[in-house]
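To start, the structure under review is shown below, and the notes come after it.
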Amino acid sequence: ASPASRVREKAKEAAVPAPTRVAAPGLAERPGPVHQWFRELMVEILRDRETLVALASRSRSKLDRWLQFELADRLQQEGSTRVMVEVAGADRRADLTFFLAGERYDVELKTANTNWRIPGVIQSIRPITDNIQGIVRGADRLVAGSAKGLVAFILFPVPPSDKRWSMYLDRIASAAGVPVSEREHCSTVPVRLGDGLTCDVVVCVFPYPPE
């Protein structure tokens, strides 16, 4: 190619605009209260990792640590900043911390096991009451901090379409002194256990102290 043609080609390349980098949809761009978005995030993780959740459900195993890091990773992917898991310190009394639009959010995260009889799930005599009290104690710890608080928990395994769990939601709301409703703060995720058997996982997130 002649020198003149090479100059013309370079001019064309320079005229082509660079591709626009599209930012990941962050929490700040999500409509609605943060506690509702955070609940949706938990639901997405449980659905994405259904086989793992089924393993834990069949043996009634705790998922606290696993869920902490899954949530931390997902928060970072969604654009949240300064995500931390169980950072020790006088002003941090939460399982998970993240920043959104300059505000800090502390999350108290619990995975509460039930003792209801469910086909495909090992039997348990551990009282569910202890787990419910642990959720309330976690909410109390958030009050001591300076951040906005979120109490997040899953209750599992639950028999399919069984609504007995709602009475524990009422107990948590009464003990914590906050309005918590099934419609505004909870979701139910069905989980396939294998051999045609299923159970439910209840996901609940509410702000504490109330907004």
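The values are calculated or read from the model by the stated rules, or taken from the named source; none is laboratory data. Quantities reported herein were computed from a predicted structural model and do not represent experimental measurements. Here the Cβ positions follow ideal geometry from the backbone for every residue, glycine too, while neighbour counts run over all protein chains shown. Ligands, DNA and RNA are excluded from the accessible area calculation, which covers all protein heavy atoms including side chains. Shrake-Rupley method; radii C 1.70, N 1.55, O 1.52, S 1.80 Å.
Students often check this: by mean Cβ neighbours within 10 Å, which of 57-68, 172-183 ranks highest, and how do the rest follow?
On the way: 57-68: 17.3, 172-183: 14.8.
Taking the mean over residues of other Cβ atoms within 10 Å, the ranking is 57-68, 172-183.
What full-extension length gain, to one decimal in nm, is calculated for Arg192 and Phe69 as 0.36 nm per residue of separation minus the Cα-Cα distance?
Values: separation 123, 0.36 × 123 = 44.28 nm, distance 2.32 nm.
Full extension of this stretch gives 42.0 nm more.
Using a 1.4 angstrom probe on heavy atoms only, work out the carbon and sulfur share of the accessible area of segment 59-141 in %.
Working: 2040 of 4080 Å².
Accessible surface attributable to carbon and sulfur in segment 59-141 totals 50 percent.
How do Lys148, Lys163 stack up against each other in accessible area, from largest to smallest, with a 1.4 angstrom probe?
So, going from the largest accessible area down, we get Lys163, Lys148.
Can you give the FRET efficiency to the nearest 0.05 for Ser174 and Arg126, using r as the Cβ-Cβ distance and R₀ = 22 Å? Walk me through the numbers on the way to the answer.
On the way: r = 23 Å, r/R0 = 1.02.
E between Ser174 and Arg126, to the nearest 0.05, is 0.45.
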- Message: Tell me the net charge near Thr111. Cut-off is 11 Å between Cβ atoms, Thr111 excluded, with +1 for each Lys or Arg and -1 for each Asp or Glu.
- Response: +2
- Query: Which whole-angstrom value gives the distance between the alpha carbon centres of segment 149-165 and segment 173-211?
  - Reply: 4
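Cβ neighbours within 10 Å, averaged per peptide: list 100-107, 151-158, 127-134 in order, most packed at the top. Intermediate results must be reported in sequence, preceding the final value.
On the way: 100-107: 16.9, 151-158: 25.6, 127-134: 14.5.
Most protected by this proxy first, the peptides run 151-158, 100-107, 127-134.
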- Could you give the nm distance between label points at Trp37 and Phe99, where each point is 7 Å from its Cα heading toward the beta carbon? 1.6
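Provide the net charge surrounding Arg58, with neighbours chosen by a C-beta distance below 15 Å and charges set as Lys +1, Arg +1, Asp -1, Glu -1.
Details: positive: Arg49, Arg60, Lys62, Arg117, Arg192; negative: Glu50, Asp195, Asp200.
Neighbourhood net charge equals +2.
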- Charge tally for neighbours of Gly102 with beta carbon under 12 Å away, counting Lys, Arg as +1 and Asp, Glu as -1, is +2
